[in-house]
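Take a look at the structure below.
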Amino acid sequence: MIDFKKIIRSERVFLRPMKTDDFEKMKSLTTDPKMWYYFTADLSDEIILKQWIETAISDLKQHKALPLTIVDSKNENIIGTTRIGNISEVNKRVEIGWTWISKEYQGTGINGHVKKLLFEYLFSETATLRIEFKTDILNIPARKGMEKVGLIKEGVLRSHTLMTNNRRRDTLYYSILKDEWNK
């Protein structure tokens with residue numbers, strides 16, 4: 001179903017499978033602890049960032065997930081990551097998440113652009129019928145971004161996930177179906 005060597009290109013960005021070497025460039029983009037308030041790992045800690053990347057690459061090698069590094073097409077700078085995970089071939093379902101965008105590129109529309117590239121790939125080149133997303137119910141910017149690209153709010157799982165600051169988050173689920181995307 002998923003091509004684990006897939007590179008997705010547009011004029012603005014290209015998404016390529018994450019590499020161990022990405023750590024050196026990513027660590028300078030992840031230093032602000034405030035950036036990780038709504039994230040499940042504090043990637044401002046280099047040890048945690050390295051483990052996070054190693055886990056992503058291990059999942060890639062085992063075909064459990066496709067972690068993608070987001071690269072600016074103009075200057076080839078890494079600007080963030082996203083991932084296709086929780087892949088269920090039998091149910092023709094995936095999750096997109098684990099996404100972060102460097103501060104310099106936040107608010108530029110890159111995140112929505114990346115989501116649309118992933119929708120195009122998953123719905124046009126794979127058997128995917130459903131794409132899921134989840135976020136912290138308190139993360140208003142993420143929620144607005146998800147709704148802006150056409151995702152449907154589905155419901156809340158209460159006290160679902162332990163966050164980096166020992167807070168338990170309520171997780172809000174969103175999705176988009178292939179027949180909704182085609183409209």
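The values are calculated or read from the model by the stated rules, or taken from the named source; none is laboratory data. Computed from a predicted structure; not experimentally measured. Every residue, glycine as well, gets a Cβ built from its backbone with ideal geometry; the counts of neighbours run over all protein chains shown. These area figures cover heavy atoms from the full protein model, side chains too; ligands, DNA and RNA do not enter into them. Shrake-Rupley method; radii C 1.70, N 1.55, O 1.52, S 1.80 Å.
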**Asked** What are the residues in the stretch 131-163 that are surrounded by 18 or more Cβ atoms within 10 Å (Cβ to Cβ) and either more than 15 Å from the chain's Cα centre (by Cα) or among the hydroxyl-bearing types (Ser, Thr, Tyr) (or both), if any?
**Response** 135
**Complete:** Taking the stretch 58-99 and keeping only residues that are closer than 30 Å to residue 152 by Cα, touching a helix residue (DSSP H, G or I) at 6+ places or on another chain (Cβ under 9 Å) and open to solvent by 10 Å² or more (accessible area, probe 1.4 Å), one is left with 64, 72, 78, 83, 92, 98, 99
**Request:** Those residues that are under 25 Å from residue 170 (Cβ atoms) and within 12 Å of the chain's Cα centre (by Cα), I need them from the stretch 90-117; list them, please.
**Result:** 94, 95, 96, 97, 98, 99, 100, 101, 111, 112, 115
**Message:** Would you confirm whether or not the stretch 18-36 contains a residue that is under 23 Å from residue 113 (Cβ atoms) and under 13 Å from the mean Cα position of the chain (by Cα)?
**Reply:** yes
**Request:** Considering each residue of the stretch 1-54, count those that are surrounded by 15 or more Cβ atoms within 10 Å (Cβ to Cβ), of a type in the set (Asp, Glu) and closer than 22 Å to residue 72 by Cβ, and give that number.
**Result:** 1
**Prompt:** From the residues in the stretch 141-183 that are among the basic types (Lys, Arg) and at pLDDT below 95, which one is farthest from residue 103 (Cα to Cα)?
**Reply:** 183
